[in-house]
Structure formats: C-alpha cells, structure tokens
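Since every read-out is calculated from the coordinates, none of them should be taken as a lab result. Since the model is a prediction, treat every value here as computed from it, not as a measurement. So basically every Cβ, Gly included, is an ideal-geometry build from the backbone, and we count neighbours across all protein chains shown.
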Amino acid sequence: MSLRFFLFFLLILCSSLLQAEVTAVDDSVTKKENKTAQKIENYEERLQAIESEISEENVWMKSYSSYLTSMDVKQNLDAIKKRVKYLAKHAKTDADHEELVGLISKQNILASQIEKLKGSGSSAPFSELITPPNINKVPEIHNPFDILSGLSTIKTLNANLEEYKRKRESLIELIDKLKQENKIYKKLLQLQPENKKYAEIYHQKQIQLEMFERALDTMNVTLDVYQKRLDIAEININKGIEKQVYRLIKIGTAIFFVFFIFFLLKLVVKKYITDNERFYMANKIITFTNFTIIVLILFFNYIENASYLVTILGFASAGIAIAMKDWFMSILGWLVIVFGGSVHVGDRIRVDMDGMQYVGDVLDISLLRITILEDITLTSVMHNRRAGRIIFIPNNYVFTRMIANYTHNSLKTVWDGIKITITFDSNHKKAMHLVKEIAKKYSKGYTDITRKQLNKLRQHYNLKNTNVEPRVYSFLESNGVDIEVWYLTNAYATLTLRSVISTEILDAFNEADDITIAYPTQKLHISTQSEKSLQHAQEIV
C-alpha cells in the first residue's frame, strides 16, 4: 500500500516537473517571438522614415522610375511584337484576327510611349542628370566689348559647375540612405529568412543601389574631366581679358599723351595768335587733328591686319558716297573751305538758297555745315523783311550755290551806292559835285583802309583797278537825271553810312535853288461846262 502511494506521488511529482518545464519553454519562445516582432516593427518604422526622406530626392527617383517604366513598356512591346508576328502567320479564326488587330493597336500605343520616354531622356538611367552641361564655343576677346561677354561666360560656366556638383552631392546623400535601407532589409531577412516579400524587395533594392553607385562613379569621372575643361576655358578667357586690359592701358596712355600735346598746342596758339579769327580756325584744326589721331590709334590697335583696315575704309567710303552723298560732299566742302581759305569764321557772306538771299556773319564752320547769324542789311530791308535768324548752310553749297564773301582775307570794306533823281532843268553838274564831296567826307576813313588792304591783296591776286575814291555817275532817264554815287563802307555797317550820306545829300539838294529832286507826279486838267460846249460845237463844224 505504501509502495503504491509512493509511486503515485512520484508520478505526480514528475508530471508537475514536466509541466513546469514545458511552461517555461513556452514562455521563453513567446518572449523571443515578441522580441522579434518588436524588432521587425522598429525596422519597418525606420524604413518608413528613410523612404519618406528618399521621396524628397524626387529628381533621381523620378529618373529611375521613368527608366523602370520604359523597361516594362519595352518588355511588353517585345512580347506583343512576338505575338503579332505569330498571329500574322498562323491566324485562322475570327478571334485570332480580332486579337491581331487589338495587339497591333496596342503595339502602336506602346511604341509612341517608348518614343516619348526616349524624348524625356529616360531610355537610359540618369542620362540627363549625369551628363554635364555643354560647354559652348568659348568667346574670343578681340575688343573691350568682348570683356563683358567673357566675364558673363565665366559666370555661366561656374554656375553650371556648381549645379552639377549639387546634383552629385544629392546623389551621394541618396546612396547613403539607400545603403541604410538595404541594411535594414538585410536584418529583416535575418529575422525572417522565409519572408519572400522582404527577399524580393531586398533584391530590387540591391539592383537599384548598384545603378545609383554606377551613376555616382560616372559623375565622379565626368566631374573631373568637366572641371578641367572649364579651367582651360576660364584660363583662355582670362588671358584674352588680360590682353585687352593691357591694350586699353596702352591706348589710354597714348590718348592721354595726345591730349596733353594738343592741349599744349592750344596754349601756344592762344598765347601767340591774337587775331580771333585765326585763333578760332587754328583751334578748329587742332581739335580735328586730335580727333583724327585718336581714331587712327583705335583703328590700328583693334584691326590686326592692315589690309582689313584698307578694305573696311574702301567699303565705308563707297557706302558713304552712295548712301550719304550729301554728307560726303559736305565733308569735301569743309575741306575746301578750311584749307582753301575762301570763308572764315567772322566773315560776312551772302548765300543764295532756294530763291532767297541771306546775308550774315559766319558763327561756325563745322564738318557738315556753315552757321551764320543774319544781320540787318539792305537785303533784309529790300527783300527778306526779316533778320536775326540763325541760318545753317550745308558745306556742299560751295560747289553748287552762289556764296559771296564781303570780308575775304584782309578786305573788310565793300562798295555801296545811292541813287537820287533830279529834274532835267536842274544843275546836274553841281548836283554831282555835291554828292561826291559828301561821299568823300563820310567815307574817307574807309577809303584809306581799303587802299592799304588792296596793297596787301596784291600779294595773292592780280589787281588792275585799285581806285578807291568815291565815284559819281549820271544817267538820263524818262523822268529825269539819275545821279548815282558809289563809295567804300564798312562791310558790317553799310546801312549806317548809307543813312548818313542819304540825309546829307537830301539836305544839300534842298538848300540849292537850281537843283530840284524829281519824283513821279500827275497833272489834272479840269475844264468848265461852257468850254466843253464850245469844243463840241467846233467839232461839229
């Protein structure tokens, strides 16, 4: 009895111990499973965080996604082509023909999609992203204006390089995140080796990572080559800019030296030439010569071959002669005026333009025109009834129009005349004597000046008649005897002396008893009524 009880107690004890051991094992397995699940959950959370970060790198991922899409479309298209080729030979039933038509339509659609993907640069992974920007032809620096284009080119090339570097940095960051993602998937596979989903994703991620790494290797090599090309281009541009800056310094120095020399010439001219007209003309010639030398300096510095200069000048001259004939003739006229000495600044001239006559003083002789200030003269009084205007006369008028100079060379006087008519019964000899004496009295100063001036003109011209005394003439007219007196007067003030002499002649003739001034008159004969009747009776008889 006791033995049975002992065996029963021992059996119960063993079963309790066995049950406790099983329970402990189950608890251990449960804890392990819970720990694994917790790890898997943590890894998946980290994967979500990394995927959210990777999605921000949309440029590279979109390019890769486009590449995968193009590959899928291409595979589908290849399969459809094989099926279309098979059905084209073996189609017998209506269903086969309908399938063939549908597949051909689908083939055209997929082919158009492939072309669009190729057009977007997605036929190869990252083809546009890993290709650096094109380096256009580096501009050659031939003149100062090219310096701006050179600097702009350098700025653009550096901006393209920085952009390419930023793409490379973003690719490096993306690869780091993909490596982290692959490590997590690898750990997940270690925890769940039988999970086919993780295995497939891990395999795809490995392929993806390899593609991005190959792209990075390509970018590293390309960046090195691209940067060297940019360095060469920048060196060439900087050399051209340096050459132009050095040339500008030389030209600036030469121009400054020319300005300094001509400034000294102007000071010498101002000091030793006291005549205003000669000083003005000398100043004009110095300025024109200065400008011409500066233009030649610029031409010979920026035209490498002298034959180019001759060609350019030839074409330019031909173009000016044809298209701007008047300007070209005005420039020639300016040369004739300046070097011929026919007209100077300050001269009083008369110009016939379009049926009008203008008399004035020359204010300026520019390259294209003569500027005169119209004065009150006999022409203004008798014809224009206007004065004080600024008249611009093209220089080419010296070839085609009448230009009279009242003050050419040293001659500053002109002949002026006054006409007065007396009756036939007047003492015309006495009238002529009075007129001559009055003219001699008031023009004596100008007569002496003219005599001296004509003696100077003999050095340049063949002068035959040098009589400078006042001249008096008489002419028979229908209404009386015209007495004309001609005398020398100041070319700039003819009206003043004319007014004085006219007044004196009028006073002298009014004081003379035997001189009567003739003027147009009318006689009226009035008869009475009786005289008219008598005249009428005589006519009847």
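Here are some notes:
- Take each peptide in 261-271, 326-336, count the other Cβ atoms within 10 Å of every residue, and average; sorted highest first, the result is 326-336, 261-271.
- Protection proxy ranking, peptides 100-110, 190-200, average beta carbon neighbours within 10 Å, highest first: 100-110, 190-200
- Treating r as the C-beta distance of I175 and K106 and R0 as 41 Å, the FRET efficiency rounds to 0.65.
- Were the residues from K187 through K137 laid out at 0.36 nm apart, the gain over their Cα-Cα distance would be 12.7 nm.
- Label-point separation in nm, K81 to K429, each point 7 Å along Cα→Cβ: 13.4
- Calculated FRET value between K419 and D514, using beta carbons and R₀ = 22 Å, to 0.05: 0.65
- Cα-Cα over 19 Å, subset of K62/K205; K412/K444; K165/K239: K165/K239
- Cα gyration tensor, region 137-265 - rounded (a/c under 1.5), prolate or oblate: prolate
- Taking amide hydrogens as placed 1.01 Å from N in the peptide plane, the amide H of I370 sits under 5 Å from those of I393, N395, each at least 5 positions away in sequence or on another chain.
- Cut-off 16 Å, label 7 Å out along Cα→Cβ of D231, residues of region 129-169 by amide N: 158, 161-162
- Summarising the label geometry, the points placed 7 Å from Cα in the beta-carbon direction at I273 and I297 lie 2.2 nm from one another.
- Förster-model FRET efficiency, 35 Å R0, K89 and L68, C-beta, rounded to 0.05: 0.60
- For region 279-291, 3J(HN,Hα) computed residue by residue from phi via the Karplus equation (6.51, -1.76, 1.60; θ = phi - 60°) reads 5, 4, 5, 4, 5, 4, 5, 5, 5, 5, 5, 4, 4 Hz, glycine and proline entered as x.
- Annotation: extensible slack from Q48 through K464 equals 137.8 nm (criterion: 0.36 nm per residue apart, minus Cα-Cα distance).
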